Each structure stands twice: as C-alpha cells, then as structure tokens.
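One structure below.
The values are calculated or read from the model by the stated rules, or taken from the named source; none is laboratory data. Values in this document were obtained by computation on a predicted structure and should not be read as measured data. Virtual Cβ from ideal backbone geometry, glycine too; neighbours counted across all protein chains shown. The area values use the complete protein model at the heavy-atom level, side chains included, leaving out ligands, DNA and RNA. Shrake-Rupley method; radii C 1.70, N 1.55, O 1.52, S 1.80 Å.
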Amino acid sequence: MKRLPGLSGLICTTMLALGALALIAATATPARAVVSCGVTVTMSKSCQPTTLVGEKDDCTITLTNSDTCTNTYQINSGSDVIHASGGDVTDLNLPISAVSGTTTCTVAGALPCNLSTGASVTFHDNSYTVVSGDFALSGHNLPDTGTVNMTDLCNNNATGCSSSPVGEQATAATTVQSCSVTIDKQISCDGGTTWTNATTASTGVVTGTCTGFNGDPIQVRYVYQNTGSAQLTSCNIHDVTGQTAVTSGGTAFTQDTSVGTINSGGSAITSSVITTSDGTTPLTCNAAGPNFDSANIDCICGTSTIHADANDTANFSCESCSVQIDKQVSCAGAGFVDVFGTDDTVGTGADTTVDSCTGFDAFTGHTADNIAVQYVIKNTGTDNVASCTYGETNIAITGQVTIPGAPATINSGASQTVGPFNNLCSPTLVQNEVGGQDTATIGCTCAALTNNATVKTVGFHDTAGFACLAPGLNVSKTCDPQSGSVNNFTVNVTNSGSVNLTNCNVTDAYQANDSCTNIALVSPVDATSSLSPAGNGNYTINSGDPAKQFTGSISGLTANACNQASVTCTIAGSSQTITATSQDTCAVSLGCETRTPGFWKTHPNISFDVMTAAGGFIQSCGLDLNNVSAGVDCSAVEDMCSLGQDAAKLGIDPTQANLIFQCAAAELNLAVTQQDGGNCGNTIPNSILTFDQCCGLAGACATGDPNLISGCQQAVSAFNAQFDTTTLNSGSVLNTPGADSSNCRVANGNGFVNDQSAIGASSPVADCNATGRKYLVKTTGSNTSSTNNGKNH
C-alpha cells in the first residue's frame, strides 16, 4: 500500500484498518477501500430482486478504480459464494460481463487484466439454480457474497504503495419466489349430490371413489389453487382423452379448460360442472369402461418460462341394475311357450313378441285342459335388488294380483322360477285375458352404491297368453213309431260351442228288441246308409250355425228297438275331436184303433174318460178340449155337433167346420189308441199329411189355411173310419156300453161354437189355455183370431 504524504506510520496503519472494514459492504452497497493517496477503490454487488424457484440466481459484481494517485490495478480473480439452503455454493471463476475506461480487461476475457484509474470491470454470476428449499430461508432471502482479488501496481505514484494482493468483498441477496399449483379432480355419480376424489379430500368431498348406475349421468369438476408466491398465468386444465366416461353415443371424453391467471395467496377455485364431452353429448356411466382419468393443470410462473403443473386422478365404477320376468304358459301339458331365447325376445323393459297357446274347456268325453303358468325371474344386472313387487293382470292364474312365492330380494346374476300355477280351462280363467293375453310385472329397488345418493328403481313386464275354447256338440234323435213296417227317424246336429267344428260325420245304429234307457248298444245294427244327406260328408258346422238335419229309416222291426245317432267332429285349429250321441226308442206298436165322429158325439162319457186319461184334455184345432157339455166353451161335443145349423148360422165355412168336426174325433182316436198300447204315428195313414198339419195348434182347422183345408178334411175323415172295428185291448174304454145323444142334440142349433170370440161374440169366452182359432166366415170372407196353447204329438 502506498503511504500518504505527511502522515505518520500510525496514521497509515489506522487508515488501512478503516479501509479493510469498508471492504465489507451491505447488500447492493459499494465497498470502498483506501489504497493510496487517500482515495478508495469502489466495489458493488447486486442481484435481481426476485428469483423463482428453478431460475438462476443472477448477480453482478462491479469494481471501479477511483485511485487519484492514478495507479493501475491488476485484477487477479473474481468469485461468488451463494449461501443456499443446502449449504454454501462457491463459483471461483466469475466471467467478465462488462468493462469501461482504460483497461486490458475484456468481456469474457481471461484474468489477470489491468484496470487504469477511472476504469471499471463487471463480473456476472448465474451459475446457481434456486431450489425449493431456498424459499424456506429467512424472509425468503437467498444471500451471496462476491470477492475480487487485486494488486496495486504502484506504477504512477509509489509513495506508500503496497503491491501485496488484497481482496475486496460485497454481499447482496435475492428474494426467492415459489411456483406451485394444485388440482383436485372430483367426480359425482349421483348428479352432483355427492362429490368424490380418490387422492385429495376437499371440503365437502368424500375421499375415495364413487359408483354410478350404468347409463346415469357422470359429472366432473376441478378444484385448483395457486399454492406458491408468484402469480400464475396462461393456466390450462387438460383432462386425459378417453379416461373419464363415454358418452351415450360412444364418444370418448376429452376436456380442455382454460382458467387464465391465478394470483398467489388466493383460495382454492372450483370450476363449473362438466356434464358433456362436447357441449351437447351427455357423459354417462358405462360399465364397459374405462372408468378412471387424470386431469392436469399447467401454468406459466410469473414472466419467466418456468411452468407450474400438477395432476390428479379420480376413479369411479359403473354397475348395471336391471331385472327380468319371463312369463311362460303351457296348455294341455304341452311345452311352455313365450320363452325368452326361443319364441320370445327381450326388449328394453319388456318383451317384444307375444306367443300363446290354446286349451279346451270341459266337454262331453273330455276333461278341461290344464293351463300352467310359470315365471322365470332374473337379476340381469351387476347390482343386487330388493323390495321387489310383482303383478299379474289375470287374477285367476295365481288367485291374487301378485305372484305368490316370488323373491323380494335378488342377488346379481340370480334366477328363480316361480310356479307353475295350474288351473283348468274355464270361462273364469280367461275372463281377464285381454285379446288372449295378460301381463306379469316386476319392480325392484337397486341396492345403494358407493358414494351415490341415487335411489334407483327398475322394472320389467312380459306379456304371454292363452285361450280356453269351449267346443260344444249337441245331437237330438227322434224315432217315429212304426207306420206300416217302417220307423222313420230324424237326427238334428247343433254346434252349441264357441269354436267351429270340421270333418263332422254322422253314424246311426239300432239294437233290436230293446228300449232306450241310456244303454250302451251291445250288438248294434248299422243304419247309417239310410241317412239323407249321407252321414260321411265331412261337414263343417260353425259356431252359431242352425242345426243340420239328417233323416233315415229302419224297416221290418217286430219289436221296439233302441236307435242311436253318433256324431264326431274335429275341433277347428286342433287335432282334438268331440263326439255326441242321442238315443230314442223306435216303437213297434200294436196298431191303431179309430171310431167315427158319430161314435164319439153319442158316447160323451167315453169321450170324457179318454180326455181324463190323456191328462184332462185333448188338443184339437188350437183349443184344449176339456169337457163334453153343450153350450160350454172348449167342449168336444160342441166341436162335433155344431157342424150343421150353428156353423150355418154363424157363416163359418162348411169345409172348415167339417174339418173341426173330424179333427175332434181324430184326436180322441189318437189318445185312446195310445192309452190302449197302440200308436198311429204322426203321419195320417194313406196320406202325406201329418196330424199336426191338419189338426194341430197351427193346423189347417185352426188357421183356416185354404191350401190345406180340403185335403186335410178328406184325409182325417178317412182315418177316422179306417180302423173303426179295431179294439186293441179288451179293457179299452171303447168297450163301455151305452149311447147318449142328449148333449149333442142340445148343442146342435144352439147358436154356440167353441172359441166364439174369434167370430165376434158379444161376451168374453175362455180360450181354455190354447192359442185359439181363425174361422173362415163365409159372410165376410175374412178371418179373426185368438191364441191358445196345445200339446204336440
């Protein structure tokens, strides 16, 4: 060191000590050393005010030669010590970044170099990268100390000059700033009621995962925060493609959200809820996955190029909740129909096709078919279900509106068959079958899922059906008593059911020497060939059709025979057949006995006995004749004794009056023959006319039918005289002696006829429980009428 002129060594020594103290400078304060001529060398150190974690600690050291002695200094070296959180870090070779004045120092040049008076040299240090631990230093300040070693060359004024090397120091600090950000990805499986996060719990958020129902919406949101001391800009959240959920259309989820600037020191920020992948397509839970994803946030820290980023992964799972009921039916012991996978298909919430079967109600020779119904109940999802309820629209199947024995709880994948419920075909069973089908239903509550407040119910219904048809076949058989040697018979066939009958064939047979008492024919004689039309015609008789009639005959019977008609048909739409039979006795009588009207009108007591034995009356010409008195309505004597004067007085057509006269006798002849064990048949012997056509309730004598009156009068008159000498039974009333014509004499000419009201009587006349007559009145040429009831033959 140079000595200063006029000063003692002590003063110089003191000055040197003071200079040494001055070399230790505060941050950014120049260090000044007195080296010669009483003038200092100035040294300063500065660092950038703030440094981000991850950035270089950027500082400069400037040394200025301000020596008034105009000596030149040789700069030997420059170093810097960073007092880092992990220990001091020393940089021994500081590069020159700037020079000024007269100097041999050059930027980035080598040392040593000379610095003339007034010149300066600047060293630059950015070798240290700030670490996060440095942010924890007191006041977040990172100090460092710079040192420059130099020698005074004493080349201009050597007085008191020392050429011993000396070191100059200066200290500065930078404030460390941290760059950090957090993101918490959250997922809701229940529409935003519950939010979950697999890694970090936020306020009101459940740590863990959530489970959603397949097809239900999935919602996503992000909670992010600047947790450093520097402002973050250009922040962007990116959700990894295809990791959150798939949309209902199958599109993978991708989300990029710009959140801009995040100031330091602020609270956590919650993003808006994301419900779609593209603004329109909803996010939905899909059990097929993938069911996890990661969200990343990236920001620029301050004005640097340093990025702050973080990521978070949130997980969820999906479960399906679905049930199924398969209603299956079986008719008449056949296999079940309307079965999923065979003749029925599964749709969303219901079956898509309906199948059915057919059974038959009970009919003659056939027990009602059994209808079996069973229900196959399945949990087709991955979630358990409970509180299951059931419904059956046909209460007759199970006896109630639900399905007894069906499970209330069904675990995932479980299946149970309930039934079968067996019932016989009947109108009651099918009354609730709408269009031949009915529906079974199931409804259940899904088991609660993890972190999901949704209460989900599921259901399913299946429709199946059956029909119970009621076939009916009625056969009516009548066999007329023998006339001559022939017994004519009639078969009437009626479809009495609700289903058509096809391939109907009629057979007829009789068993001789027997009467019908619902017997089984043991040795029948076939009479089918006599049927007209032919019995083997494969006839179709539809439901509601009129009866189909067949006629036939049996010849040569010598004793009564049991005649049976049998009809067999196929029930339309099936191979099932139905058969019905009917029997009637073909009577072989002792014959027929007759007496003329003259006999009957002069034997009133015998006539009355015959009427009494016939049940108290005989039916003739629309009236029930029940007495033999004169002047009394419904008297057999009046019908047989009014032919002359009374009919003429009243203007009654004489042919009709004669037919009334003959019919009263004929009805008495028919009755007495039957009472004596004989039978005259329905057809008037030697005529094609029947007794009913001529003398019945609607016979010609009652109606005055001009087309039949004449023919009937002749036929009935001949009949009354045909067997006049025949008595079939020795005990017959016909053998009672004594004639009495007194009543007939009174009746003839008394101006009275039976059913006088029919010709305008002035006072009411009883109709004797019959339908009445129509008289052909000659004077007017018109008919009048009344009504009556009578018996058939």
Probe 1.4 Å, all chains present, heavy atoms only: T257 accessible area in Å², nearest 10, is 30 Å²
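Please tell me which of these pairs span more than 20 angstrom C-alpha to C-alpha: K185/K456; K327/K456; K477/K548?
From the list (K185/K456; K327/K456; K477/K548), the Cα-Cα distance tops 20 Å for K185/K456; K327/K456.
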Residues meeting the amide H criterion for L52 (H placed from the backbone, H to H distance under 5 Å, 5 or more places apart or on another chain) are Q177
Reported to the nearest 10 Å², H124 has, with a 1.4 Å probe, an accessible area equal to 50 Å²
The chain: relative contact order from alpha carbon pairs under 8 Å, six or more residues apart, as a whole percent, is 7 percent
On the accessible surface of region 578-676, probed at 1.4 Å with all protein chains in place, carbon and sulfur together account for a percent value of 52 percent
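Classify region 41-177 as rounded, prolate or oblate from the Cα gyration tensor: take a ≥ b ≥ c as the square roots of its eigenvalues, call it rounded if a/c is under 1.5, otherwise prolate when a/b beats b/c and oblate if not. If you can, show how the numbers build up before the last one.
Values: a/c = 2.78, a/b = 2.42, b/c = 1.15.
It is prolate, given that a/c is not under 1.5 and a/b is the larger ratio.
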Expected unfolding gain across D526-T129 under the 0.36 nm per residue rule, minus the alpha-carbon gap, is 130.3 nm
Any helix of the chain counts here only if DSSP assigns it H throughout, its Cα atoms span 27 Å or more along the axis, and its mean Kyte-Doolittle hydropathy is at least 0.0, and such helices are 654-675
Long-range alpha-carbon pairs in region 77-138, meaning those over 13 Å apart, account in percent for 65 percent
The long-range amide H neighbours of S589, using H built 1.01 Å from N in the peptide plane and a cut-off of under 5 Å, are Q482
Long-range amide H partners of Q324, meaning residues 5 or more apart or on another chain whose placed amide H is closer than 5 Å, are K378, T380
With all protein chains present and a 1.4 Å probe, the order of S498, S66 from largest accessible area down is S498, S66
Projected onto the charge dipole of the chain (unit charges on the beta-carbon of Lys, Arg, Asp and Glu, signs +1, +1, -1, -1), the Cα from T726, Q675, Y390 with the largest positive-side position is that of Y390
Regression test value, accessible area per residue of the chain, probe 1.4 Å, units Å², expected 42 Å²
By accessible area (1.4 Å), largest first, I395, I187 order as I395, I187
Given (1) 27.3; (2) 30.9; (3) 40.4 as possible values of Kirkwood radius over Cα pairs in Å, the one from the coordinates is (3)
Per-residue ellipticity at 222 nm attributable to helices in the chain (runs of n ≥ 4 DSSP H, -39500 (n - 2.57) apiece, nearest 500 deg cm²/dmol) works out to -3500 deg cm²/dmol
If the label point sits 7 Å along Cα→Cβ of V273, residues of region 219-240 with amide N under 17 Å come out as 219-223
For L92, L142, L689, L153, the accessible-area ranking with a 1.4 Å probe, largest leading, is L92, L153, L689, L142
note: region 473-586, Cα-Cα separations exceeding 23 Å make up a percent value of 28 percent
Ignoring ligands and nucleic acids, L776 exposes an accessible area, probe 1.4 Å, in Å² to the nearest 10, of 40 Å²
Along region 466-477, Karplus-curve 3J(HN,Hα) (6.51, -1.76, 1.60; θ = phi - 60°) to the nearest Hz, with x for Gly and Pro, reads 8, 10, 10, 8, 10, x, x, 9, 10, 10, 10, 10
Mean shadow area (nm²) of the C-alpha convex hull around region 323-469 is 8.7 nm²
Karplus-derived 3J(HN,Hα) from phi for region 382-397 (6.51 cos²θ - 1.76 cosθ + 1.60, θ = phi - 60°), whole Hz, x at Gly and Pro, runs 9, 9, 5, 10, 8, 6, 6, 10, 9, x, 9, 6, 9, 5, 5, 6
Answer in debye to the nearest 20: the dipole magnitude of the chain about its Cα centre, from +1 Lys/Arg and -1 Asp/Glu charges placed on Cβ, is 780 debye
The ³J(HN,Hα) series, computed from each phi in region 219-226 with the Karplus coefficients 6.51, -1.76 and 1.60 at θ = phi - 60°, rounded to the nearest Hz and given as x for glycine or proline, is 10, 10, 8, 10, 10, 10, 7, 7
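What ranking do 709-715, 359-365, 330-336, 659-665 get when scored by the average of other Cβ atoms within 10 Å per residue, highest first?
Going by the mean number of other Cβ atoms within 10 Å, highest first, we get 659-665, 709-715, 359-365, 330-336.
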